[in-house]
Amino acid sequence: MEKLRFIKDTLENKKAEDLVILDVSKLTNIADFFVIATANSPVHARALADHLVEEAEKAGYTVDHVEGMEFGNWILIDLLDVIVHIFTPEWREHYGIEWIWAEAERVEV
């Protein structure tokens, strides 16, 4: 929960919106949690991702890889047991990650 709280606070401090945390541990082996957040533009999404990666590394968390920085509409940050998805509003609606993983329990931190 400490890692999830760190991610949530770090993203919200940079004005990420509509943050949702899903426990996917019973549904997949790729991660225990998905964190989904909305940025108001691709530039904002890249800034959120850069900030989270920088702060996570400072805090001692492993950042395995980052995808999607080139376009910034959907950025994925793999923190091993937590995968962070940062979307622009249109892409979040279009891809419906929350709908796809509707069986996952929502987590409050």
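No lab work stands behind these numbers, since they all come straight from the coordinates. In this text, all values refer to a predicted model and were calculated from it rather than measured experimentally. Cβ sites come from the backbone with ideal geometry, for glycine too, and all protein chains shown count toward neighbours.
In table form, for the structure just shown:
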item	result
Subset of the stretch 7-53 that is of a type in the set (Ser, Thr, Tyr) and buried (at least 18 other Cβ atoms within 10 Å of the Cβ) - its residue that is nearest to GLU98 (Cα to Cα)	THR38
Number of the condition not met by ILE75 [criteria: (1) surrounded by 20 or more Cβ atoms within 10 Å (Cβ to Cβ); (2) closer than 16 Å to MET1 by Cβ; (3) in contact with a helix residue (DSSP H, G or I) (Cβ under 7 Å, 6 or more places away or on another chain)]	(2)
Cross-chain or 6+ apart pairs with Cβ under 8 Å, the stretch 76-87 first and touching a residue at least 12 places away in the same chain (Cβ under 8 Å), then hydroxyl-bearing (Ser, Thr, Tyr) and assigned to a strand (DSSP E or B)	ILE86/THR38; PHE87/THR38
Residue in the stretch 84-106 that is within 17 Å of GLU2 (Cβ to Cβ) and out of contact with any Asp or Glu (no Cβ under 9 Å at 6 or more places or on another chain) present	no
